[in-house]
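Q: One structure, as structure tokens, below. Some questions next.
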Amino acid sequence: MKIQDKILELKKKKNAIILVHNYQIGEVQDIADLLGDSLDLSRKAQSTTADIIVFCGVHFMAEIAKILSPERMVLLPDVNAGCPLADMADPEELAKLKASHPNAVVVAYVNTSAQIKAQADICCTSANAINVINQIEEGKEIIFVPDQWLGAYAAKKTGRKLILWPGFCPTHMKIIPEVIDKKRKEHPEACVILHPECREDSLALADEIFGTGGMLNYVKKSSKREFIIGTETGIIYRLKKENPEKEFYPAQDMAICPNMKLTTLEKVLWSLEEEAYKIQVSKEIAQRASVAIEKMLAIK
């Protein structure tokens, strides 16, 4: 029996659902019940009727699923699948920053720990950061944590001044202007699409700026035939699969998140067999974090 068939059999037996992020390796994307970006999977995790959620992504994503579905078992196939960007936001330091700006609204990117979300007023993703900022009362101070580049992009688009946390995604930081220029010269007809976690000087070279969900939608509707994709390279597998008549080139061949690549079919099967690794969030933290997450989910 193929490993995919073993996973399918065990998944049915245990009433489990497999959620897979767009940056996962191709063979893991192929076994997904639900495939998407952070916002998409957050919403879907909330509405599932499965007893077990296997989250093929990184730790903060599985935490969100657990917060939204506390009665369900949430499994992360590799306990080491973390997020360096999320780790850059320290709860104690955020508490100090909040104390120095007592009237500020705290917007936490979903790429944060549950402890950070518990201190936030509202969460956001790359897909809805602008909408989240726009609905905050004019004149209010806004602390944006932890991605300084997504925060800077949202500030530019909304005209609001944000207090930015000095965090960044190491993978997106590799997508520098020089590599974008090189790829554009190699593929002069291609549309350059970048993720808003990229540096500001890189974003200035983009034709379009979207999170992963936005990239997928734009490419599907576009009449263009070639695209230079500036985000983690895992999404190109899905782009090619859904748009076989179009060509895709990574803006940066080295834009690979090692944490996203930790999940394999073997680990997914083992996770289902052993029911590991179970994600746990304390009731107090989960209750506080859920308020910020639910506010985010209410914004389209």
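Values in this text are rule-based calculations from the coordinates and carry no lab data. Just so you know, these numbers come straight off a predicted model, no measurement behind them. Positions of Cβ are generated from backbone atoms using ideal geometry, with glycine treated the same way; all protein chains shown enter the neighbour counts.
Q: Take the alpha carbon atoms of region 140-189, find their center, do the same for region 1-55, and report the distance between the two centers in whole angstrom.
A: 30 Å
Q: Would you mind classifying region 159-242 by shape? Square roots of the alpha carbon gyration tensor eigenvalues, ordered a ≥ b ≥ c; an a/c under 1.5 is rounded, otherwise it is prolate if a/b is larger than b/c and oblate if not.
A: Here region 159-242 falls in the prolate category.
Q: Can I ask one more? Classify region 1-121 as rounded, prolate or oblate from the Cα gyration tensor: take a ≥ b ≥ c as the square roots of its eigenvalues, call it rounded if a/c is under 1.5, otherwise prolate when a/b beats b/c and oblate if not.
A: Taking the square roots of the gyration eigenvalues as a ≥ b ≥ c, region 1-121 is prolate.
Q: Normalised by the residues of the chain, what does the relative contact order come to in percent, with Cα pairs under 8 Å and at least six apart?
A: 24 percent
Q: With only Lys, Arg, Asp and Glu charged, each at its Cβ (+1 for the first two, -1 for the last two), find how big the charge dipole of region 52-99 is about the Cα centre; round to the nearest 20 debye.
A: Here region 52-99 has a charge dipole of around 180 debye.
Q: Write out the GluC sites (Glu not before Pro) in region 110-172 meeting two conditions: DSSP loop, and at most 13 other Cβ atoms within 10 Å of their Cβ.
A: In loop regions of region 110-172 (DSSP not H, G, I, E or B), the sparsely surrounded GluC sites (Glu not before Pro) are Glu137, Glu138.
Q: Sequence-distant or interchain residues sharing an amide H contact under 5 Å with Asp147, placed H: which?
A: Amide H neighbours of Asp147: Tyr109.
Q: Could you pull out every one of the lysines with an alpha carbon less than 21 Å from that of Lys241, ignoring same-chain neighbours closer than 8 positions?
A: Candidates past the 8-residue exclusion: Lys220, Lys221, Lys224, Lys261.
Q: Then there's this: Taking the dipole about the Cα centre of the chain, with the C-beta of Lys and Arg at +1 and of Asp and Glu at -1, give me whichever of Thr171, Ile7, Thr264 is farthest to the positive side.
A: Ile7
Q: Contact order normalised by length for region 47-114, with contacts defined as Cα pairs under 8 Å and 6 or more residues apart; what percent is it?
A: Values: 66 pairs, mean separation 24.3, N = 68.
So the answer I get is 36 percent.
Q: Related question: Which cross-chain or sequence-distant (5 or more) residues have an amide H under 5 Å from the amide H of Val74, H modelled 1.01 Å from N in plane?
A: Under 5 Å from the amide H of Val74 lie the amide H atoms of Ile53, Ile279, each far enough along the sequence or on another chain.
Q: Right, here's the next one. When only DSSP loop residues count, what trypsin sites (Lys or Arg not before Pro) in region 1-43 have their Cβ near at most 11 other Cβ atoms within 10 Å?
A: Qualifying residues, ordered by number: Lys2.
Q: How many percent of DSSP beta bridges within the chain run antiparallel, rounded to 5? Walk me through the intermediate numbers first.
A: Working: 1 of 33 bridges.
The answer is about 5 percent antiparallel.
Q: Can you tell me how region 64-212 classifies by the Cα gyration tensor, rounded, prolate or oblate, using a/c under 1.5 as the rounded cut?
A: oblate
Q: Right, something else. Under 5 Å between amide hydrogens, which residues at least 5 positions from Cys191 or on another chain qualify, with H placed 1.01 Å from N in the peptide plane?
A: Glu226, Phe227, Ile228
Q: Among His21, His101, His59, which one shows the highest mean-square fluctuation when the chain is modelled as a Gaussian network with alpha-carbon springs under 10 Å?
A: Per the Cα network of the chain with a 10 Å cutoff, His101 tops the list.
Q: Hey, what number do you get for the chain at 222 nm if only DSSP H runs of n ≥ 4 count, each worth -39500 (n - 2.57), divided across all residues, to the nearest 500?
A: Working: 16 runs with 132 residues, N = 300.
Helices in the chain give a 222 nm mean residue ellipticity of -12000 deg cm²/dmol.
Q: Region 231-269: which GluC sites (Glu not before Pro) are DSSP loop and have at most 12 other beta-carbon atoms within 10 angstrom?
A: Glu245
Q: Please work out the FRET efficiency for the pair Ile299 and Lys161, using the Cβ-Cβ distance as r and a Förster radius of 25 Å; give the result to the nearest 0.05.
A: Details: r = 21 Å, r/R0 = 0.82.
Once the sixth-power term is evaluated, E becomes 0.75.
Q: Normalised by the residues of region 1-99, what does the relative contact order come to in percent, with Cα pairs under 8 Å and at least six apart?
A: That works out to 22 percent.
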